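The values are calculated or read from the model by the stated rules, or taken from the named source; none is laboratory data. The structure displayed is predicted, hence computed values, not measured ones. Virtual Cβ from ideal backbone geometry, glycine too; neighbours counted across all protein chains shown.
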């Protein structure tokens, strides 16, 4: 059975952090349709003034954040003591779990192009120990396909494996296709699939998906992506829906209002971080 488009969400311009201009595609109004992906923000700018204000130190609990910088840099610092920078083509994976404080500084570059996902944590894993990992270009398998390439950012593609979180499976690919091309992938019929057109537009069974648009697909064993007059860069995101209720408050996503209230109470009392170091 071929996968088809059942829902599309076009991103809209907004600001976040200390004044970073971005395109918000998925958020708290789309979760039940795109479960377990909570949020998808896209960044594409040639103007440093759009993003150098960055994201100062802030908390997270109950989620995993996955940042992919195709062009540009992102400097990370967190309450675990990690200080790191991802550059062109690399991924930053952070498991917030029981609680983490972090900042993301975005220095001026010729072009910033990338995406941040929030992946929900299952209820039984909401309070796991926080964790940070940089997925370097050396760890990312790049597969040449007819008229393009696939970068395996997380999970697996055929017999190629990348980093995988222990809590929820995520197959995450960056697919590049030349214009007037078509490529068919075999997909796990049990998993949900989302496509996001980072650059250019694509067609899935003759349904157009415009640039900066997320599309939820039906279940199926195969997916065919086609380009026409323009080349495209499309992100393939596949996981297992959780079908759990959520309580979402800014950077914190729990399952109940009581858990959410406790998280903010912990912040006020200074007991939010279960594991941390102290910065001088």
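Numbers at a glance
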{"item": "Residue that is farthest from the chain's Cα centre (by Cα) [pool: residues in region 170-183 that are part of a strand (DSSP E or B) and either without any contact (Cβ under 8 Å) to a residue 12 or more places away in the chain or closer than 10 Å to residue 145 by Cβ (or both)]", "result": "183"}
{"item": "Matching residues in region 119-153 - criterion: being in a loop (DSSP other than H, G, I, E, B) and farther than 30 Å from residue 260 by Cβ", "result": "136, 140, 146, 147"}
{"item": "Condition met for residue 112 (modelled with pLDDT of 95 or more, over 21 Å from residue 165 (Cβ atoms) and crowded, with 17+ Cβ neighbours inside 10 Å)", "result": "yes"}
{"item": "Hits in region 196-239 - residues which are over 16 Å from residue 172 (Cβ atoms), in contact with a strand residue (DSSP E or B) (Cβ under 6 Å, 6 or more places away or on another chain) and not in a loop (DSSP other than H, G, I, E, B)", "result": "199, 202, 203, 204, 207, 209, 213, 222, 224, 226, 232"}
{"item": "Residue that is touching a strand residue (DSSP E or B) at 6+ places or on another chain (Cβ under 8 Å) and at negative phi, where the choices are 37, 52", "result": "37"}
{"item": "Residue 190 being farther than 30 Å from residue 22 by Cα and in contact with a strand residue (DSSP E or B) (Cβ under 9 Å, 6 or more places away or on another chain)", "result": "no"}
{"item": "Residue 116 within 14 Å of the chain's Cα centre (by Cα) and either assigned to a strand (DSSP E or B) or in contact (Cβ under 8 Å) with a residue 24 or more places away in the chain (or both)", "result": "yes"}
{"item": "Options 53, 18; residue that is part of a loop (DSSP other than H, G, I, E, B) and over 21 Å from residue 249 (Cα atoms)", "result": "53"}
{"item": "Qualifying position, being closer than 19 Å to residue 171 by Cβ and in contact with a strand residue (DSSP E or B) (Cβ under 8 Å, 6 or more places away or on another chain), among 20, 5, 9", "result": "5"}
{"item": "Matching entry among 230, 197 (being surrounded by fewer than 19 Cβ atoms within 10 Å (Cβ to Cβ) and out of contact with any helix residue (DSSP H, G or I) (no Cβ under 6 Å at 6 or more places or on another chain))", "result": "230"}
{"item": "Residues that are surrounded by 17 or more Cβ atoms within 10 Å (Cβ to Cβ), part of a strand (DSSP E or B) and more than 16 Å from the chain's Cα centre (by Cα), drawn from region 78-102", "result": "78, 100, 101, 102"}
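Listed here are the residues, each with its yes/no results for (1) at positive phi; (2) at pLDDT 95 or above; (3) in a loop (DSSP other than H, G, I, E, B); (4) surrounded by 15 or more Cβ atoms within 10 Å (Cβ to Cβ).
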{"site": "259", "(1), (2), (3), (4)": "no, yes, no, yes"}
{"site": "265", "(1), (2), (3), (4)": "no, yes, no, no"}
{"site": "272", "(1), (2), (3), (4)": "no, yes, yes, yes"}
{"site": "278", "(1), (2), (3), (4)": "no, no, yes, no"}
